[in-house]
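To start, the structure itself, in structure tokens.
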Amino acid sequence: MTRSLTADVLIAGAGPAGLLLAAELAAEGVDTLIVERDPQRPRRSRGFSLNARSLDLLARRGLAAPFLAEGHPVPHAPSVGLPVTADLHGAATDHPFTLGIPQSRVEEILEEHALAQGARLLRGHRLHALRHDAEGTTALATAADGSADSPSPVEVSAAYTVGCDGGRSTVRKQTGIGFPGTPATTWHLLGDIVPADPGDLPPGPHTGPGGTVLVLPRPGYVRAMLTDPAPPHDPHSPVSPALFADALEHALGRPVRMADHIWLTRFGDAARLAERYRDGRVLLAGDAAHIHPPAGAVGVNVALEDAHNLGWKLARTVLGTAPDGLLDTYGAERRPAAERVLAHTRAQALLGRDDPDLRPLADLLEDLLSRPGAPAALAETLLGLDTRHPMGAEDPGAHPWLGRLAPDLDLVAEGRRVRLSELVSRRRPLLVTLNGADAPDGARQAGVRTVDAHCAAAHGAAALLLRPDGHTAWVRTADGRQTGDLRNAVARWCGESDGGAPEPTARLRA
Ligand SMILES: Cc1cc2nc3c(=O)[nH]c(=O)nc-3n(C[C@H](O)[C@H](O)[C@H](O)COP(=O)(O)OP(=O)(O)OC[C@H]3O[C@@H](n4cnc5c(N)ncnc54)[C@H](O)[C@@H]3O)c2cc1C
């Protein structure tokens, strides 16, 4: 029998995007349900890192600490095929390192957090049908394995549905959102395996007569990756232990006996971007909206960025307190960011081919990137640390922080030392006046939370308006320049509950 469930927001997929989004929504009091195809959290871990941008964003939610406590920092951004290391020293981040931590552990921590905020998670249910109209969405999810003791199907009615269901997103397909781009031209095999003799596959690249095998050490096993010499007609078909062992032998010219395998798979270098991130009451985030070559290990991180950007906007829209057009700024901000990710990962994948025709390009890059400051600028570009959202400002040049995530300033406010991220983590727009500057007209009057603070590193700023995600929406400098009318910025980003003055909108669902 089909069970009927309701939620303000239905999320398909409990990967990094779905879990962080659920936490963001639930923390704002939005009734949030995730349906996840897998009955259990998978044993394997696809990614193994959180980058500086993710850590900066998680810190704006008071969430970086559990990851920092477990991960291992390395002082550069991961990259492939580039002639210099993308050193994070001097880059615009509060976390100038990449944190080595398994994606499976990242998901575990995010899941605990989402559930603690009040989100519901229904595992073992695959969303397979979705309808939507001006009033809401209706989804059908059935037991993923179809066995007799499977849980019963559910029909979920929700005001909004978000597809966080990965690169082959059912939500995207059901909504008819196109996914144009370039198909995979190269396929790689990946094996998380335990060699019978660890001496057979020590860490490092191993080149044999049939190709190169890259071996990375992992706790209790190794990750071996190599070009698939003969991808099948359906590259998504399972990779058997025999197929993987044959490919290893073909590359190395010698057999490698496996004592165990944890995960065997194949991945390609396709790059695709959703035509739009929203169709009425359906939205996409994470791999459902963009896929790209894994070069640079940014996938988890871009998924988290999407969720961080969407959460507060969707919450306010559902609760009826968002200013007009707020939800559409999600796609307007995140789709161009994904376009850059696709371009940068494709460039790395090309350079990683070690094609002699590309040697002059690599040499030119080496010349350019050897200049002082260039490695940090490279890291900022690869990780999106230079992300600057359009703020509709009249004088965008008035201050370099405009549109960017404000740095995690060390402040003295309300009689104590406090980091700016701690103030942002309260999820409300924030007007900060610095070093005795007068409170500007507009925000305090409109009721936006205002904090008077002292800061030794204000970078010429006298007052800042921050969005709930920590991005700088408006700045006045100490010499009196400002990036436009504060009232316009308040009207654009702040909702009714923040004291802003949008047109009141009815709560969309009872
Ligand atoms: C080999 C490899 C290595 C990688 N290494 C890194 C790395 O080091 N760093 C990094 O940042 N990224 C890495 N990535 C990329 C990263 O794993 C993905 O970009 C990331 O997982 C995307 O997160 P997501 O939440 O958007 O989607 P996913 O993690 O794919 O989550 C989607 C979820 O939706 C579920 N689902 C799918 N369909 C349905 C449905 N119809 N109904 C319900 N649930 C559904 C799935 O079971 C899954 O749990 C790597 C990828 C690969 C393939």
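The values are calculated or read from the model by the stated rules, or taken from the named source; none is laboratory data. In this text, all values refer to a predicted model and were calculated from it rather than measured experimentally. Cβ atoms come from the backbone with ideal geometry, glycine included; neighbour counts cover every protein chain shown.
Report, by residue number, each residue of the stretch 89-103 that is buried (at least 16 other Cβ atoms within 10 Å of the Cβ) and over 18 Å from Gly373 (Cα atoms). Give the derivation first.
Step one: filter the stretch 89-103 for residues buried (at least 16 other Cβ atoms within 10 Å of the Cβ), giving 91-99, 101-103.
Correct list: Thr98, Leu99, Ile101, Pro102, Gln103.
Check the stretch 208-215 and report whether any residue there is farther than 16 Å from Asp246 by Cα and more than 16 Å from the ligand (Cβ to nearest atom).
no
What are the residue pairs meeting all of these: first residue in the stretch 217-229, first residue under 12 Å from Val239 (Cβ atoms) and assigned to a loop (DSSP other than H, G, I, E, B), second residue within 14 Å of the ligand (Cβ to nearest atom) and aliphatic (A, V, I, L, M), Cβ atoms under 9 Å, and 6 or more apart or on different chains?
Between residues of the stretch 217-229 that are under 12 Å from Val239 (Cβ atoms) and assigned to a loop (DSSP other than H, G, I, E, B) and residues that are within 14 Å of the ligand (Cβ to nearest atom) and aliphatic (A, V, I, L, M), the close pairs are Asp228/Leu189; Asp228/Val239.
If the requirement is being buried (at least 22 other Cβ atoms within 10 Å of the Cβ) and more than 14 Å from the ligand (Cβ to nearest atom), which of these qualifies: Ala69, Ala65, Ala77, Ala86?
From the options Ala69, Ala65, Ala77, Ala86, the qualifying one is Ala86.
I'm told Thr142 meets every condition in (1) touching a residue at least 40 places away in the same chain (Cβ under 8 Å); (2) surrounded by 15 or more Cβ atoms within 10 Å (Cβ to Cβ) except one. Can you identify the failing condition by its number?
Against the list (1) touching a residue at least 40 places away in the same chain (Cβ under 8 Å); (2) surrounded by 15 or more Cβ atoms within 10 Å (Cβ to Cβ), Thr142 comes up short only on (1).
Which ones in the stretch 67-97 are over 15 Å from Arg53 (Cβ atoms) and among the hydroxyl-bearing types (Ser, Thr, Tyr)?
Thr85, the sole residue that qualifies.
May I ask you to list the residues in the stretch 175-206 that are over 12 Å from Val222 (Cβ atoms), in a strand (DSSP E or B) and within 16 Å of the ligand (Cβ to nearest atom)?
Residues satisfying the conditions are Gly181, Trp187, His188, Leu189.
Take Leu25 and decide whether it is modelled with pLDDT of 95 or more, assigned by TED's automatic domain parsing to the domain that holds Ala114, in a helix (DSSP H, G or I) and away from the ligand (no atom under 13 Å from the Cβ).
yes
Here are Thr472, Thr477, Thr483, Thr450: which of them is over 24 Å from Tyr330 (Cα atoms), touching a residue at least 40 places away in the same chain (Cβ under 8 Å) and either assigned by TED's automatic domain parsing to the domain that holds Gly311 or among the β-branched types (Val, Ile, Thr) (or both)?
Answer to the check: Thr477.
I'm trying to understand the selection: among the residues of the stretch 93-118, which are over 22 Å from Arg223 (Cβ atoms) and not β-branched (Val, Ile, Thr)?
Scanning the stretch 93-118 gives Asp94, His95, Pro96, Leu110, Glu111, Glu112, His113, Ala114, Leu115, Ala116, Gln117, Gly118.
Do we have any residue at all in the stretch 300-315 that's in a helix (DSSP H, G or I), within 11 Å of the ligand (Cβ to nearest atom), buried (at least 22 other Cβ atoms within 10 Å of the Cβ) and of a type in the set (Val, Ile, Thr)?
yes
Report the residue count in the stretch 28-52 for those that are more than 9 Å from the ligand (Cβ to nearest atom), among the β-branched types (Val, Ile, Thr) and within 20 Å of the chain's Cα centre (by Cα).
Total satisfying the criteria: 1.
Hey, among Ala159, Ala242, which residue is touching a helix residue (DSSP H, G or I) at 6+ places or on another chain (Cβ under 9 Å) and either more than 16 Å from the ligand (Cβ to nearest atom) or at pLDDT 95 or above (or both)?
Values: Ala242 fails: touching a helix residue (DSSP H, G or I) at 6+ places or on another chain (Cβ under 9 Å).
Testing whether each residue is touching a helix residue (DSSP H, G or I) at 6+ places or on another chain (Cβ under 9 Å) and either more than 16 Å from the ligand (Cβ to nearest atom) or at pLDDT 95 or above (or both) leaves just Ala159.
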